[in-house]
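Step one of this worksheet: look at the structure below.
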Amino acid sequence: MRVLMACVAATLAVMSTSARAETAAATMCGRPADMVQIVIEQQKPSVVSLWRDQKLFVNRDNDDGSVWVFSLQNTTVHPAAICRRTVKDADGKETIENGQLCTAGEKACTHFAAQVAERLAKIDAGTR
């Protein structure tokens, strides 16, 4: 898995600077919305793999409970990522924060988001 992540990181490193600049000011689940940085952070020991197939893979960062879903290179939406985490406001009320980083067309990104929602629902239900 670490080798796969290193390959994905290397592939993402060659992304155009303009694609990165579009998201430089935004954040996703408490992290800068920079695909290369997000993938590099997936190398932490606290990150565990939850699921994968030929189109996407799902990781959980046990440090903050965030769940990250990434497209694989053989997909039309690649590179794309979606995150989800629970956050508490000042009153202690929990909400779900979601983020998406996708530079493909709107239709492809919408389809990816639907696939991710379906997969996360299965993971949440314990059916993976």
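The values are calculated or read from the model by the stated rules, or taken from the named source; none is laboratory data. Computed from a predicted model, the values in this text were never measured in an experiment. Virtual Cβ from ideal backbone geometry, glycine too; neighbours counted across all protein chains shown.
Write out, first by first residue and then by second, each pair whose Cβ atoms fall under 8 Å of each other, whose residues are 6+ apart or on separate chains, and whose first residue, in the range 26-49, is under 14 Å from Ala80 (Cα atoms) while the second is assigned to a loop (DSSP other than H, G, I, E, B) and not β-branched (Val, Ile, Thr).
Sorted first by the residue in the range 26-49, then by its partner, the pairs are Ala33/Ala24; Ala33/Ala26; Asp34/Ala24; Met35/Met15; Met35/Pro79; Val36/Met15.
How many of the residues making up the range 43-63 are farther than 20 Å from Thr110 by Cβ, in contact with a strand residue (DSSP E or B) (Cβ under 6 Å, 6 or more places away or on another chain) and not aromatic (Phe, Trp, Tyr)?
8
Return yes or no: is Val77 without any contact (Cβ under 8 Å) to a residue 60 or more places away in the chain and touching a His at 6+ places or on another chain (Cβ under 8 Å)?
When the stated conditions are applied, Val77 passes them.
Among the residues that make up the range 66-75, is at least one of them touching a Gly at 6+ places or on another chain (Cβ under 9 Å), at pLDDT 95 or above, at negative phi and not aromatic (Phe, Trp, Tyr)? Break it down into steps so the answer makes sense when it comes.
Filtering the range 66-75 for residues touching a Gly at 6+ places or on another chain (Cβ under 9 Å) gives 66.
Still in the list and also at pLDDT 95 or above: 66.
From what is left, the residues that are at negative phi are 66.
Then drop every residue that is not not aromatic (Phe, Trp, Tyr), which leaves 66.
Checked against the condition, which is being touching a Gly at 6+ places or on another chain (Cβ under 9 Å), at pLDDT 95 or above, at negative phi and not aromatic (Phe, Trp, Tyr), the range 66-75 yields at least one hit.
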